[in-house]
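Presented below is the structure to which this report refers.
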Amino acid sequence: MFPARLKPVFYLGVALLVVLPVLIALPQHAAPKTAVGSQVFTIDPVQSSVHWTLGSSLHTVHGSFALKSGRLQVDPATGKASGEIIVDATSGESGNDGRDKKMHKEVLESGKFGEIVFRPDSITGKIETPGDATIQIHGTFVLHGSEHELAVPAQANLSGDHWTGSAKFGIPFIEWGLKNPGTWLLKVEHSVNVELELKGTVQTQSAP
């Protein structure tokens, strides 16, 4: 038997033995970190352009497409990206009605596949605000109804709430399953070169 004066000490010790393991098992919450804002880039179709060139055995064909819309969201902390750039496939033109008709009917089949889409999922490189940036955008390129992995090198400049960007890359359209527009007389390259000139606005959103 404990002396009466030691009983409170004994009960306190038992209580600590019971409570401490419960407290240790509870989830520990780290100190809150400062939220890093994601950047949202909106593309202005009116001020932006999509040009393409295709080499052949006779000459190089130059053409363009109209941009429908574009919006990219980038997390500078992780490099993760989302959004999409949409090009109007039916707007493609090269300055020759006969050639363009063949392109839309036999190669792009734009009556069935009316959009060309790029959906980014990650960005490599640091985007300076304000300033210039050299980055690489990785994502999924949707052409003729099929998805293809693509990495696009790009240049960007941010100034206030506006930005400009440019990119040059090749699309191996024949390797991706589109019809070869060449003939026995006219041989064409199997990759079309694409050049983007983009302008728009940028906003920074607070992370949750």
Tell me, yes or no, whether region 93-102 has at least one residue that is surrounded by 15 or more Cβ atoms within 10 Å (Cβ to Cβ), closer than 22 Å to Gly200 by Cβ and at pLDDT 95 or above.
no
Leading residue by the ranking (most open to solvent (accessible area, probe 1.4 Å)) among those in region 68-81 that are out of contact with any Lys or Arg (no Cβ under 8 Å at 6 or more places or on another chain) and not in a loop (DSSP other than H, G, I, E, B):
Lys80
When you check Gly63 against the structure, is it surrounded by 14 or more Cβ atoms within 10 Å (Cβ to Cβ), modelled with pLDDT of 95 or more and within 30 Å of Lys187 (Cα to Cα), yes or no?
yes
Do any residues in region 117-141 that are of a type in the set (Asp, Glu) have Cβ atoms under 8 Å from those of residues that are assigned to a strand (DSSP E or B) and surrounded by fewer than 17 Cβ atoms within 10 Å (Cβ to Cβ), where the two are at least six apart or on different chains, and which pairs are they?
Asp121/Lys80; Asp121/Ser82; Asp121/His138; Asp121/Thr140; Asp132/Gln155; Asp132/Asn157
Can Leu158 be described as crowded, with 16+ Cβ neighbours inside 10 Å and closer than 18 Å to Phe118 by Cα?
no
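If we keep just the residues of region 110-130 that are modelled with pLDDT of 95 or more and over 18 Å from Lys68 (Cβ atoms), which is least open to solvent (accessible area, probe 1.4 Å)?
Of everything passing the filter in region 110-130, Ile123 is least open to solvent (accessible area, probe 1.4 Å).
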In region 66-89, anything in contact with a Phe, Trp or Tyr (Cβ under 9 Å, 6 or more places away or on another chain) and farther than 20 Å from Ser191 by Cβ is listed as Gly70, Arg71, Leu72, Gln73, Val74, Gly83, Glu84, Ile86, Asp88
Check on Glu197, open to solvent by 50 Å² or more (accessible area, probe 1.4 Å), at pLDDT below 95 and acidic (Asp, Glu)
no
Considering region 166-194 alone, what residues qualify as being within 16 Å of the chain's Cα centre (by Cα) and in contact (Cβ under 8 Å) with a residue 40 or more places away in the chain?
none
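The values are calculated or read from the model by the stated rules, or taken from the named source; none is laboratory data. Please read these numbers as outputs of a predicted model, since none were measured by experiment. Note that we place each Cβ from the backbone using ideal geometry, even for glycine, and neighbour counts take in every protein chain shown. Ligands, DNA and RNA are stripped out before the accessible areas are found, and what is left, the full protein with its side chains, is counted by its heavy atoms. Shrake-Rupley method; radii C 1.70, N 1.55, O 1.52, S 1.80 Å.
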